[in-house]
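Before any comments, here is the structure.
Just so it is clear, none of the values below were taken in a lab; they were calculated from the coordinates. Since the model is a prediction, treat every value here as computed from it, not as a measurement. Reconstructed Cβ throughout: ideal geometry from the backbone, glycine too, with neighbour counts over all protein chains shown.
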Amino acid sequence: MTSAVTASSLADISDSLSRLVANASRSVVGVHSHRMRGSGFVWRPGLIVTSDEAVADEGSIEVALPGGEIVPASLKGRDASTDVALLRIDASALEPAALARDEVTAAGALVIAIGAEDGRPVTAMGMIASVGPDWRSVRGGEIGPRIELDLRLRSFSEGGLAVAANGSAIGMVVPGPRRRVLVIPARTVDRVAARLDADGRIARGYLGLGLQPVRMEGQGDRSGAMVMSVDPAGPGAASGVRQGDIVVEWNGQPLRALRSLVRDLGPESVGSVVRLTATRAGEPVRFDVTIAARPDA
């Protein structure tokens, strides 16, 4: 009797998971670009969200719809800092994904990653390994919360959906560092995709300075950033920064690495004022620089 009940329960779980995948995969598509294959999902009618890293920088883009039909796509906008890209297709009848914009996720919860290959769903099941606070990518993108999954993600499933056991999509699944699998949360996807739909881009902070890390002699392990070039039309030039200056502080804090500076030049930095402390011919100089939007963002 016990084994019969167990077998029946497992069959019920299996049937439930199959129905979950069948429902969610109606919104999942394949994304094909120059020598690259990924997945995406319907965000709004005629608009596909996918991973920025899964879309080539050049060449045409095609989308494989559920069932296998291939349609051309155009790039509406992309944001490398949050790994979100938005495509437009002429197929408005597709069902948008049921994004769980306010759902609270917890470690240990079951998750299914759903991608697409040649018009058919490809899945992987695992669980949420950890949930951390909101975080910022190395390119300055505001993402949160940090959700890591314990599952194996196939390369062409990048940009697909992470779906919870109740059938709601908690976000976009992407590969992370050291073979980890991350989720770009639904509310981050919504925020970025809406701006890409409206403006075609996400503005990034811009100083107009070409910087090169340098070691400060006679100052222990202190480092700085030498100004190698200055955009004459940029905010750095307008504030008096010159080629050859060595930036040593950012808003009163020692400049440890250029990577941290890049993170501080995220979309939210545009319009803010930063105080740079530098040395020029051995003498300290200070500049109040109003961060502009990067011209090519």
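The Rg/Rh ratio for the stretch 106-238, using Cα coordinates for both the radius of gyration and the Kirkwood hydrodynamic radius, is 1.13. The alpha carbon centroids of the stretch 44-91 and the stretch 170-188 are separated by 17 Å. Sorted fewest first by neighbouring Cβ atoms within 10 angstrom, Val173, Val63 come out as Val63, Val173.
Is the shape of the stretch 224-269 rounded, prolate or oblate, going by the alpha carbon gyration tensor and its root eigenvalues a ≥ b ≥ c, with a/c under 1.5 for rounded and a/b larger than b/c for prolate? It comes out oblate by the Cα gyration axes. Measuring nothing but alpha carbons in the stretch 205-293 and taking Rh as the Kirkwood radius, the Rg to Rh ratio lands at 0.93.
Using the Cβ-Cβ distance between Met127 and Glu53 with R0 = 35 Å, the FRET efficiency computed as 1/(1 + (r/R0)^6) comes to roughly 0.90. Using every pair of separate Cα atoms, the Kirkwood estimate puts the hydrodynamic radius of the stretch 1-101 at 15.0 angstrom. For the stretch 205-297, GluC sites (Glu not before Pro) meeting the loop criterion (DSSP other than H, G, I, E, B) and having at most 10 other Cβ atoms within 10 Å: Glu217.
Helix 2-24 against the longest principal axis of the chain: what's the angle in degrees, Cα atoms only, rounded to the nearest 10? So the helix axis and the longest Cα principal axis differ by about 60 degrees.
With R₀ fixed at 22 Å, the C-beta to C-beta distance from Ser16 to Arg179 puts the FRET efficiency at about 0.15.
On the principal axes of its alpha carbon atoms, the chain extends 84, 46, 32 Å, with the longest extent given first.
Every helix of 4 or more DSSP H residues in the chain counts as -39500 (n - 2.57), and over all residues that averages to -5000 deg cm²/dmol at 222 nm.
Projecting the Cα atoms of Ala162, Leu99, Gly140 onto the dipole axis of the chain, where Lys and Arg carry +1 and Asp and Glu carry -1 at the beta carbon, places Gly140 farthest toward the positive end.
Note on Met127, Met172: ascending count of other Cβ atoms within 10 Å places them as Met127, Met172, the fewest first. For the stretch 32-72, the Kirkwood radius over C-alpha pairs fed into Stokes-Einstein at 4 °C and 1.567 mPa s yields D = 121 µm² per second. Extents of the stretch 14-160, taken as max minus min of Cα coordinates on every principal axis and listed largest first, are 42, 39, 26 Å.
Note on Glu69 and Asn166: with the Förster distance fixed at 35 Å, the Cβ-Cβ geometry gives a FRET efficiency of about 0.75. For the stretch 147-152, backbone phi angles converted through the Karplus equation (6.51, -1.76, 1.60; θ = phi - 60°) give residue-by-residue couplings of 10, 10, 10, 9, 7, 9 Hz, Gly and Pro being listed as x.
With charges set only on the Cβ (+1 for Lys and Arg, -1 for Asp and Glu), what does the dipole of the chain come to about its Cα centre, in debye to the nearest 20?
500
Stretching the chain fully between Ser8 and Ala194 yields a gain of 62.5 nm (0.36 nm per residue, less the alpha carbon separation).
Can you give the angle from 0 to 90° between the axis of helix 186-199 and the longest principal axis of the chain, with both taken from C-alpha atoms, to the nearest 10? The angle comes out near 60 degrees.
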